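**Q** Just passing along the structure, written as structure tokens.
The values are calculated or read from the model by the stated rules, or taken from the named source; none is laboratory data. Every value quoted in this text rests on a predicted model; they were computed, and no experiment measured them. Cβ sites come from the backbone with ideal geometry, for glycine too, and all protein chains shown count toward neighbours. Protein only, heavy atoms only, side chains kept; ligands, DNA and RNA dropped before computing areas. Shrake-Rupley method; radii C 1.70, N 1.55, O 1.52, S 1.80 Å.
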Amino acid sequence: MGKPTGFLDYERENNKSVEPLERIKNFNEFHSPMQKTERQKQGARCMNCGVPFCQSGENFGGMFSGCPLHNLIPEWNDEIYKDHWDEALSRLLKTNNFPEFTGRVCPALCEAACTCGMNGDSVTVHDNELSIIEEGFATGMMKPRIPKQRSGKRVAVIGSGPSGLAVADQLNKRGHSVVVYERDARPGGLLMYGIPNMKLDKSVVRRRVELMEKEGVVFTCGVNVGKDISADEIMREFDAVVLCCGSKTPRDLKVPGRDAKGVHFAVDYLSAATSTVIGDVDGFEIDAKGKHVVIVGGGDTGNDCVGTSVRQGCKSVTQLEMMPKMPDKRAENNPWPQWPRVCKTDYGQEEAIAVFGHDPRIYCTTVKEIVKDDNGAVRAIRTVGLTSVFDEKAGRNVMAEVDNSEKELPCDLLLIAAGFVGCESYVAEAFGVQRDGRGNVISSVGKHGTDVPKVYVAGDAHRGQSLVVWAISEGRSCAEEVDAFLI
């Protein structure tokens, strides 16, 4: 630890954000980096704890807290403070293939476990990480590292999201020849099309893909494995196959009127918006301009829909959440270093508040019916209030409808952001792998190998809908398993 009193000498400072009413004028990223001297002070706040919970990554109280990648956080924080950016980058890349992604979109499980956060403000681990990798790209430290020898083994990776990229990156570094198949027009999967540009500028994804291409990874886009090319052909041509096709089967609403026009899954809405922003198509295929927008789902995807619809110029936006509002501060039964179960107002909600003057979220509420107009398009939704009751048969609390709580909300565009229920069936069926009751591809316990020889699985297709940081972790551990099989 370079400065033992750093956490006492310096206050936590986050990267500055463009004001909501200004940033909604475009789809650009809206956080600006600090000067290096100020970032060094933020690195100095790290205490290099004897037990660094930030990098340990453990399950506390039923929720994960700390970094799943076990990043060497105290080490590179110290190097930031000492102005040793090359050393900081070297340590960061030992555990994280893509800090430029996690430094933008990760919810910072590390900061939740930071010891400074026990009685004060945690270290800005998230922003520090981003500053290291961006310094690496800006100064030319990030350059192609081409394997000196090739193994002669070929690996096919199906899907180019964060887990697929991590698998490809790790196996390429080991000297294997990797081909990544992506059904969309551009590589990146969730990173390219699922996460809005204001959270992750697509030039950042392209920059990493181009670096990987220079290192020898081959990306084959516009090819839908299982449809455009058979699994049998893939199996014949490659020594190993890794399924990184994500958890892309959206959970639907089963209510009267579901067939109304103007009802879309959130993933389709966000993908269509990004396609327009990056120039793949002209004009928004699904446009919220001038419409009353209702979003079903209170998670990150729902928030992304709020931010996108505000930028498109919606007339109003409402976000429905089945569960009750979280407390504003930690409850006594939710102590550090558990993940803080508190209410978080994210960027999209901040923007809706700035535009419309109120929080878009309505809690303990769900859709009971979709009301159509004479042309079969959605014109309103009927909602119902929910309350938590104990279900003796299930042995747990469930959300039940509240009598006489129905309301009608105007709605011209309904977006379903209720999560996902496993990978798309045709990929699993093409390779003959088994799926569990949640739709995830089954592997041996603690492993990535499926019941089909030389076929592996990683990321959301394996563990279900999760975080980018978990997808990278999955990709790294899967690659280690595949490498052991190949050699």
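**Q** Taking a cut-off of 19 Å between Cα atoms, list the lysines near residue 202, but don't count ones fewer than 8 places away on the same chain.
**A** Reachable lysines: 25, 214.
**Q** How many Å³ per residue does the convex hull of the Cα positions in the range 290-371 occupy?
**A** That works out to 99 Å³ per residue.
**Q** Now, a different point. What Kirkwood hydrodynamic radius do you get for the range 42-178 when you take the inverse of the mean 1/r over all pairs of distinct Cα atoms, in Å?
**A** Working: mean 1/r = 0.0622 Å⁻¹.
Computed over Cα pairs of the range 42-178, the Kirkwood hydrodynamic radius comes out at 16.1 Å.
**Q** Considering the convex hull of the alpha carbon atoms of the range 416-487, report its projected area averaged over all viewing directions, in nm², one decimal. Let's see the in-between values first.
**A** Details: hull surface 20.9 nm².
Averaged projected area of the range 416-487's Cα convex hull equals 5.2 nm².
**Q** Taking N as the number of residues in the range 225-271, what is its alpha-carbon radius of gyration divided by 2.2 N^0.38 Å?
**A** Values: Rg = 17.0 Å, N = 47, 2.2 N^0.38 = 9.5 Å.
The value comes to 1.78.
**Q** Per residue Cα convex hull volume for the range 94-175, in cubic angstrom?
**A** Value for the range 94-175: 112 Å³ per residue.
**Q** Amide H neighbours of residue 405 under 5 Å, counting only residues 5+ apart in sequence or on other chains, H built in-plane at 1.01 Å?
**A** Answer set, sorted by chain and number: 385.
**Q** Calculate, in whole percent, how much of the Cα-Cα pair population of the range 308-460 lies beyond 21 Å.
**A** When every Cα pair of the range 308-460 is considered, 67 percent fall beyond 21 Å.
**Q** Based on DSSP H runs of at least 4 residues, each adding -39500 (n - 2.57), what is the mean residue ellipticity at 222 nm of the chain after dividing by all its residues, to the nearest 500 deg cm²/dmol?
**A** -9500 deg cm²/dmol
**Q** Next up: Which trypsin sites (Lys or Arg not before Pro) in the range 194-223 pass both tests, a DSSP loop state and at most 12 other beta-carbon atoms within 10 Å?
**A** Qualifying residues, ordered by number: none.
**Q** In straight Cα distance, which lysines are under 27 Å from residue 447, not counting same-chain residues fewer than 8 positions off?
**A** 94, 153, 173, 248
**Q** Please identify every one of the GluC sites (Glu not before Pro) in the range 392-487 that sits in a loop by DSSP and has no more than 12 other beta carbons within 10 Å of its own beta carbon.
**A** 392
**Q** Continuing with this model, one more query. What three numbers, in Å, describe the spread of the alpha carbons of the range 123-222 along their principal axes, ordered from the longest?
**A** Sorted largest first, the three principal extents are 43, 30, 22 Å.
**Q** Let me ask something else about it. How far apart, in nm, are the 7 Å Cα→Cβ label points at residue 425 and residue 14?
**A** Simple spin-label model gives 4.3 nm for this pair.
**Q** Any idea what % of Cα-Cα pairs in the range 233-298 are farther than 20 Å?
**A** Details: 1087 of 2145 pairs.
Everything past 20 Å amounts to 51 percent.
**Q** Across the Cα atoms of the chain, what radius of gyration and what greatest pairwise Cα-Cα distance (Dmax) are found, in Å?
**A** Rg then Dmax for the chain, in Å: 23.1, 71.
**Q** Still on this structure, I have one more. In Å², and per residue, what accessible area does the chain have when probed at 1.4 Å with the other protein chains present? Don't skip to the end; give the middle numbers.
**A** Working: 21970 Å² over 487 residues.
Per residue, the chain has 45 Å² of solvent-accessible surface.
**Q** Return the tail of the calculated pair distribution for the range 138-180, meaning the percent of Cα-Cα pairs more than 17 Å apart.
**A** 37 percent
**Q** Considering only the other residues whose Cβ falls under 11 Å of the Cβ of residue 385, what net charge follows from Lys and Arg at +1 and Asp and Glu at -1? Numbers along the way, then the final one.
**A** Working: positive: 368, 407; negative: 401, 403, 406.
Result for the local shell: -1.
**Q** In the chain, with Lys and Arg counted as +1 and Asp and Glu as -1 at Cβ, which of these residues, 353, 410, 432, has the Cα nearest the positive end of the dipole, that is, farthest along it?
**A** My answer, from the dipole projection, is 432.
**Q** Additional query: Sorting 160, 477 by accessible area (1.4 Å probe), largest first, what list results?
**A** Largest to smallest exposure gives the sequence 477, 160.
**Q** Something else: Within the accessible area of the chain, what % is carbon and sulfur when the probe is 1.4 Å and the other protein chains stay in place?
**A** Numbers: 10660 of 21970 Å².
Result for the chain: 49 percent of the exposed heavy-atom area is carbon or sulfur.
**Q** Next question, about the same structure. Below 27 Å, Cα to Cα, which lysines can residue 407 reach? Residues fewer than 8 away in the same chain don't count.
**A** Leaving aside lysines fewer than 8 places away in the same chain, those within reach of residue 407 are 254, 261, 289, 291, 315, 325, 344, 368, 372.
**Q** Can you tell me the alpha carbon radius of gyration of the range 147-280 divided by the globular rule-of-thumb value 2.2 N^0.38 Å?
**A** 1.19
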